[in-house]
1. In this structure, does T377 turn out to be open to solvent by 20 Å² or more (accessible area, probe 1.4 Å) and in a strand (DSSP E or B)?
2. Anything in the stretch 47-71 that is more than 23 Å from E31 (Cβ to Cβ), in a loop (DSSP other than H, G, I, E, B) and out of contact with any Ser or Thr (no Cβ under 6 Å at 6 or more places or on another chain)? List them, or say none.
3. For the condition of a type in the set (A, V, I, L, M, F, W, C), at pLDDT 95 or above and over 21 Å from the mean Cα position of the chain (by Cα), what is the one hit in L252, L236, L241, L231?
4. Looking for something among the β-branched types (V, I, T) and surrounded by fewer than 22 Cβ atoms within 10 Å (Cβ to Cβ) - is there at least one such residue anywhere in the stretch 61-70?
5. Restricted to the stretch 501-530, and to residues that are without any contact (Cβ under 8 Å) to a residue 12 or more places away in the chain and assigned to a loop (DSSP other than H, G, I, E, B), which residue is most open to solvent (accessible area, probe 1.4 Å)?
6. Please indicate, with yes or no, whether at least one residue in the stretch 472-484 is part of a strand (DSSP E or B), open to solvent by less than 30 Å² (accessible area, probe 1.4 Å) and at pLDDT 90 or above.
7. Criterion first (open to solvent by less than 10 Å² (accessible area, probe 1.4 Å), in a loop (DSSP other than H, G, I, E, B) and either farther than 17 Å from S232 by Cβ or of a type in the set (S, T, Y) (or both)) does A147 satisfy it?
8. Could you count how many residues in the stretch 222-256 are open to solvent by less than 40 Å² (accessible area, probe 1.4 Å), among the β-branched types (V, I, T) and farther than 15 Å from S400 by Cα?
Amino acid sequence: MGTANGAGAAWPAMTLKEIETLLCAPGTPFEMETVSVGGVPTRAWKNAPASLTALLSAARAYGERTFCVLDEERVSYEGFYRASAVLALHLSQMGIKPGDRIALAMRNLPEWPVVLFAAAACGAIVVPLNAWWTGHELDYALRDSGARMLVCDAQRLERIAPHLSDLPDIVDIIVTRGTGGYPSLQSIIGPVSGWVDLPDIAQPEVAIAPDDAAAIFYTSGTTGNPKGALLSHRNLMTNILSSGYGAARTLLRRGEALPEPQPKTGLLVIPLFHVTACSAVLMGTIASGSTMVLMHKWDTIRAFELIEAERINSTGGVPTIAWQLIEHPDRDKYDLSSLETIAYGGAPSAPELVRKIASELKSQPGNGWGMTETTATVTGHAAEDYLNRPTSCGPPVPVSDLKIMDEAGAVEMPTGQVGELWARGPQIVLGYWNNPEATAATFVDGWVRTGDIAYVDDEGFCYIADRAKDVIIRGGENIYSSEVENVLYDHPAVTDAALIGLAHRTLGEEPAAVVHLAPGMAASEAELQAWVRTRLAVFKTPVRIVFCDETLPRNANGKIMKRELKSLFD
């Protein structure tokens, strides 16, 4: 491209193919191999940890290095290992067996990864639940997953408590930071400050293969109830090397030598119940011996304080975070010089944001594309590549392939042509839990039909053009229109409803609704907003509701023509 880098040399110094040939050569850390996953030959990272248990065992070598920070609480890698091993033994003694489902419902706490790794060490399947869900939403996922055990914090327990008597599969409940009358997690592993002094015991001896099920992450469907994406250990381990490869590629594109890996400190501001935080952030943090700093809730000033005090190297998650860091009037009062990278995914971002991260925060912008069904990262984009292609989500990682298919899914489209994005690789999930019909419709011979409309350029960079699925992405959170529309339809006054996305500079989009009321019936905007808010997570509530005197416009197939409705909000 001829663009100059900071040293004045021609950029890029190497092509993507040259870098892959160099980094993925036999005997290198990024060497690839072909394995059979569900009978499908799949290219995978040869040196990825075999399982969550293997990762935890290896990470113990980091000893007293800090793993996790929350306010005054600091957890070392040794403390993390010991707490996980002690809890795993306890779960085993409680009768947890391979394949049992353990639901995990709590905000970002140091206990969250301990529960994840302890359950995995027993061969159990962890079911992370959205901490923002209402009791009804939590109830559905607990029923659908058939969870035998629930580990939660006091706030989530309060929401789910009215439903517990009707949940047939729940045998045991453990509560952290409050008990609600149930056994406490602290009675098993003690307070965070004492984890390093727990008994030094081994993890349970359970045979775990890379393609064994490890977790169920729920993703809202365009129709009906949320679907549980079934993740394997291999799925969760893939991002470790994919992220490392992306960092190495950035340096080689710049013509710089690869340094010895160094642990970093990251500020995690997105929930661990998302695959982005759990897979793309948490697993890489542990593998590299890095430090993960948590926040009770997002607050820009508190983020500034933590960046300065903890010498944070990276943060992000969604574009909203980056915008707020850039635009806050008190930014210059804090030393943010340690920031190296601000990366995000899960929501569209403006090219202006990419440039401002580099110019205002003096950091490398980063982006990527993935979804729950791909265990997060499939494509990665950073630094000069991102600045030169700010509307792209980057090329696929070497173990993954993309193709663009026609609407019927029968013909692959040529380079540069728009169609549905399909992806394959070792991070594609095993399917949907207990839902063979949806699995068959979405996963085809190792490929996942993403529902995103995209194209790929002649160098392999992917561009998301539109979404085939009727979904609004608010600050990285998916809002599926049918879910909100169905709740509106349940209101006795509503006979027609449509949810649409309104552009928002920092959140990407916000939900808004158009409704038609039944003759002789009345309902106010505030009343309908309250109706939705009590039945769904707060972020799904329409920020505006417009009333239409006539039934909503439909095409010949009976689908509401939502593009025509957007003008009502101008």
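1. For T377, the condition - open to solvent by 20 Å² or more (accessible area, probe 1.4 Å) and in a strand (DSSP E or B) - is met.
2. Listed by number, the residues that qualify are G63, R65, D71.
3. Details: L236 fails: over 21 Å from the mean Cα position of the chain (by Cα); L241 fails: over 21 Å from the mean Cα position of the chain (by Cα); L231 fails: over 21 Å from the mean Cα position of the chain (by Cα).
Being of a type in the set (A, V, I, L, M, F, W, C), at pLDDT 95 or above and over 21 Å from the mean Cα position of the chain (by Cα) holds for just one of L252, L236, L241, L231, which is L252.
4. Yes, the stretch 61-70 contains at least one residue that is among the β-branched types (V, I, T) and surrounded by fewer than 22 Cβ atoms within 10 Å (Cβ to Cβ).
5. So the residue we want is P519.
6. No.
7. Considered against the rule, which asks whether it is open to solvent by less than 10 Å² (accessible area, probe 1.4 Å), in a loop (DSSP other than H, G, I, E, B) and either farther than 17 Å from S232 by Cβ or of a type in the set (S, T, Y) (or both), A147 comes out as yes.
8. Going through the stretch 222-256 one residue at a time, the tally reaches 1.
The values are calculated or read from the model by the stated rules, or taken from the named source; none is laboratory data. Keep in mind it's a predicted model, so treat the numbers as computed, not measured. Using ideal geometry, Cβ is built from the backbone for each residue, glycine included, and neighbour counts are taken over all protein chains shown. The protein model used for the area step is the full one, side chains on, heavy atoms only, and it has no ligands, DNA or RNA in it. Shrake-Rupley method; radii C 1.70, N 1.55, O 1.52, S 1.80 Å.
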